[in-house]
Amino acid sequence: MAIDPDRVTTLEMRMAEQEKVIDELSGQLAEQWKVIDRLQHKLDALTERFLLLEEQAAPEIPVTKPPHW
């Protein structure tokens, strides 16, 4: 069985293109994880701040028996 040099060249070119695309996608994925990590930290900080403000703003309601008891 003879190996077609043009076919081998075509396959090598496709493989090189796919490797380039995979590297680009990997880089984009890494950047997206950085963005997600930053957003998660911001969300955590905002959640903590909201809970603190909610605690300060909410008056303590005493636990008492209703008048009909």
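The values are calculated or read from the model by the stated rules, or taken from the named source; none is laboratory data. The structure presented is a predicted model; accordingly, all values stated were derived computationally and were not measured. Heavy atoms of the whole protein, side chains included, go into the accessibility calculation; ligands, DNA and RNA do not. Shrake-Rupley method; radii C 1.70, N 1.55, O 1.52, S 1.80 Å.
Observations
- Considering only residues in the range 43-69 that are small (Gly, Ala, Ser) and modelled with pLDDT of 80 or more, the one that is least open to solvent (accessible area, probe 1.4 Å) turns out to be 45.
- Summed over the range 33-69, the residues that are of a type in the set (Phe, Trp, Tyr) and assigned to a loop (DSSP other than H, G, I, E, B) give a count of 1.
- Filtered residues of the range 1-18 (kept if open to solvent by less than 100 Å² (accessible area, probe 1.4 Å) and in a helix (DSSP H, G or I)): 5, 8, 9, 10, 11, 16
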